[in-house]
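Only one structure is covered here, and it is reproduced in the block below.
The values are calculated or read from the model by the stated rules, or taken from the named source; none is laboratory data. This structure is a prediction, so every number in the text was calculated from the model and none was measured. Cβ placement follows ideal geometry from the backbone for every residue including glycine, while neighbour counts extend to all protein chains displayed.
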Amino acid sequence: MYTRDVMEKEVVGQQGWLVGKVKELIFDPKDWKVTAFEVELEGNIAEQYQMKKHFRSTRVPLHVAYVQGVADKVILNISKDDLGQVVSTAKPTPETPPPSSSSSDSPASRQD
């Protein structure tokens, strides 16, 4: 399976309720294994778990241990209540990574 096969797939819970969509895959740089899916939460799910952001979407990492399988959709193996605990303790991920700053670009290293 390729990453493009997973991107934008709907993520659903055990009883078929829509959680969100896969936006990114998170890899362990040492093992080159996928460790988590970055999921853009549906608005009602983000509101339910008090994570709703104004003017932008809420993204959270979901560890692969919570995934039962991937086919037409990503199916989770946890209940809605358990998802609430997972989501509330997950650190929201930014929609775009911060720009990397090299030491030569930093103001402290410039000689004007």
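Put simply, of GLY84, GLY69 the only residue that is small (Gly, Ala, Ser), surrounded by fewer than 18 Cβ atoms within 10 Å (Cβ to Cβ) and touching a strand residue (DSSP E or B) at 6+ places or on another chain (Cβ under 6 Å) is GLY69.
Of everything in the range 1-37 that's in a strand (DSSP E or B) and of a type in the set (Asp, Glu), which residue is nearest to the chain's Cα centre (by Cα)? Per the stated criteria, the residue is GLU24. Taken over the range 7-64, residues that are farther than 16 Å from ASN77 by Cα and among the aromatic types (Phe, Trp, Tyr) amount to 4. Annotation note: of VAL11, VAL34, the sole residue that is surrounded by 17 or more Cβ atoms within 10 Å (Cβ to Cβ), at pLDDT 90 or above and among the β-branched types (Val, Ile, Thr) is VAL11.
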